[in-house]
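K.L.:
Shown below is the structure under consideration.
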Amino acid sequence: MNYALDRFAAEVRSVISASGKVPEALIEVQVPKPSIPADLCFPTFRAAKEVGMDAPRLAQELAAAVSGAVPPDSLIGEVSAVGPFLNFALHPQHLAAAVLDEILCASDRYGRESTGAGKTIVVDYSSPNVAKRMHVGHIRSTIIGQSLIHIFRALGYRVIGDNHLGDWGKQFGIIIASVVREGKPQTEGEEALAHLEAMYTRYSEAMKDDPALDEEARQWSLRLEQGNADARALWQWCVETTLQVNQRNYDRLGVSFDHVYGESFYEAMLPGMIQQALEMNVARREEGGAVVVEGLDEKLPTFLLQRSDGGTLYLTRDIATIAFRMREFRPDQIIYVIGAPQELHLRQLFALSRAMGYAQEVELVHVAFGTVFDATGQALSTRRGNMVYLETLLDEAVARARGVIEQKQADLSEEEKERVAEMVGIGAVIYNDLYQDPRRNITLDWDRMLSTEGNSATYLQYSYARCRSIMRKAEQALSVERLLPMDPTLAPLLIHPTEQQLLKHLARLPAVIREAGERYTPFVIADWCYTTAREFGVFFEQCPVLKAETPPLREARFLLVTATAQALKNGLSLLGIQAPERM
């Protein structure tokens, strides 16, 4: 879709080109500084040098030539020259008509486009380990990855989300050995996983002083890979239990996957991948039997593809995963949403994939993220004893949100309070992860996360609920049916500075979604949502809706509130956050 601000930029370039004073290749427009009363500008320095003219003079001549050539229905309003800059302001009435029409007609598809049509992206995210409870260390990959999926789908890409489960490797040797030693847990669900974690920890500690235990775990790992029936049965129970427990967390977070291919899925491919690496001289077999890779990059250390006992490693399974995805999905990009500490592992994987010829047809991208800290500034970890498990985190968030709802909306039914509290609590957890650059560390600060003021999901959800409240009241006083499709006489009334500021900001959503995709950064959309809520707050204070001076202005402002609610809801949905009707 060709949105208003895209058309405005195209019109600006067109009228400059039509003047005949500047070669089209030299026309580069940009957004001026906030202090400049314009919406786009053309710095003439480069063009003036090319045509042999003083830059301020060229700007003046262009202003004179362009002003008389603007079509009457153009989005271009005032044109002026300030020094070497040719400035363009949006036409207020035409902007209002264009933006309202786009949002109200497109509805929940406003901001979407077909930039990525015909292209495929695979997003590798969440990826918790089997036989362990999900904790805050997993939540970042899960939330960031799901938002990226929403964003790229909005841009028209075919997106495949894959939860690459950690369900293979030596850690399973330890798990199986500990079960053989202590017995299978008799509990179910989250409690069963907690028992497995405790058993794993006890066995790992005991291994430090008893090499025989380490060898026993290694042997069970090897038996698992070789198809031992007892090992496979215990492994299958662990996988099924973990998937069942995790699904409830995923459902609450609004997370869904196209595929849940664990590392074990690629088991049959591993011998072939190792053999291929050897035949291509990418890897070599050492005297002891281990297969090593070295020399791919002078900055990368030597690494293993196969242990001397025949066991495989993460890298073996990861290169097989790339080979499978290339064959099955033919992606243009594979995005790995994995913590920053895994950067070396991914550099090794990407270098290996290039050496084996897989990265020639696909772009491999690492979206790294930082650590989660508690309110005291301590990193959350099992070793420190301050780890927060995901189910506990979500329950705590919803319980605290319920307290906020009780204060704000005591008249809601108990059922609605529970429903809204779930939206607000889960929204707070998601937004706390997404509102800043993913590489930055995040802090679990409940007071900030659930504040109805400032940069929080609760504030944004409250702003949407306020819009909907105004709309419900207006619908009782206005003949809304005749306003939609939009009455063309109403939009031109929205010329108040705060109305125009809000309209311009709503018009930015399509470009913001593009930027978020280009940079792999959902926080760009989060920032747009926050600014939307602030701009709406200013509009709400300065421009009465139900008590507007005239009935037509009241109707026009009703349409602006409706458009704001829709655009804000669309932005929140790209973050995976629900928008409650009442709050």
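The values are calculated or read from the model by the stated rules, or taken from the named source; none is laboratory data. Note that the coordinates shown come from a computational prediction; the quantities given were computed from them, not determined experimentally. Cβ atoms come from the backbone with ideal geometry, glycine included; neighbour counts cover every protein chain shown.
K.L.:
Hey, does region 94-101 have a residue that's in contact with a strand residue (DSSP E or B) (Cβ under 6 Å, 6 or more places away or on another chain), under 16 Å from Phe8 (Cβ atoms) and surrounded by fewer than 21 Cβ atoms within 10 Å (Cβ to Cβ)?
P.N.:
The answer is no, given that none of the residues of region 94-101 is in contact with a strand residue (DSSP E or B) (Cβ under 6 Å, 6 or more places away or on another chain), under 16 Å from Phe8 (Cβ atoms) and surrounded by fewer than 21 Cβ atoms within 10 Å (Cβ to Cβ).
Yes/no matrix, rows are residues, columns are (1) of a type in the set (Phe, Trp, Tyr); (2) part of a loop (DSSP other than H, G, I, E, B); (3) not assigned by TED's automatic domain parsing to the domain that holds Gln500:
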| residue | (1), (2), (3) |
| --- | --- |
| Phe8 | yes, no, yes |
| Arg13 | no, no, yes |
| Ala38 | no, yes, yes |
| Arg57 | no, no, yes |
| Glu61 | no, no, yes |
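K.L.:
Where in region 455-570 are there helices (runs of 4 or more DSSP H), lying fully within it, with 1 or more residues that are on the phi < 0 side of the Ramachandran plot and aromatic (Phe, Trp, Tyr)?
P.N.:
Passing ranges, in order: 457-477, 523-542.
K.L.:
If I ask for residues that are loosely packed, with under 15 Cβ neighbours inside 10 Å, modelled with pLDDT under 90 and either over 25 Å from Tyr520 (Cα atoms) or not assigned by TED's automatic domain parsing to the domain that holds Gly403 (or both), which ones from region 447-472 would you list?
P.N.:
Correct list: Asp447, Glu453.
K.L.:
From the list Thr531, Thr498, which one is in contact with a Phe, Trp or Tyr (Cβ under 6 Å, 6 or more places away or on another chain) and surrounded by fewer than 19 Cβ atoms within 10 Å (Cβ to Cβ)?
P.N.:
Sole residue among the options that is in contact with a Phe, Trp or Tyr (Cβ under 6 Å, 6 or more places away or on another chain) and surrounded by fewer than 19 Cβ atoms within 10 Å (Cβ to Cβ): Thr498.
K.L.:
Would you check if Val398 is touching a residue at least 60 places away in the same chain (Cβ under 8 Å), part of a helix (DSSP H, G or I) and in contact with a helix residue (DSSP H, G or I) (Cβ under 6 Å, 6 or more places away or on another chain)?
P.N.:
no
K.L.:
Restricting attention to region 495-520, which residues are touching a Pro at 6+ places or on another chain (Cβ under 7 Å) and over 24 Å from Ala38 (Cβ atoms)?
P.N.:
Ala516
K.L.:
Of the residues Glu225, Glu216, Glu190, only one is out of contact with any Asp or Glu (no Cβ under 8 Å at 6 or more places or on another chain), over 22 Å from Ile338 (Cα atoms) and among the charged types (D, E, K, R); which?
P.N.:
Glu216
K.L.:
Residue under question is Arg519, and the condition is that it be at pLDDT 95 or above, over 21 Å from Ala98 (Cβ atoms) and of a type in the set (Lys, Arg); does it hold?
P.N.:
yes
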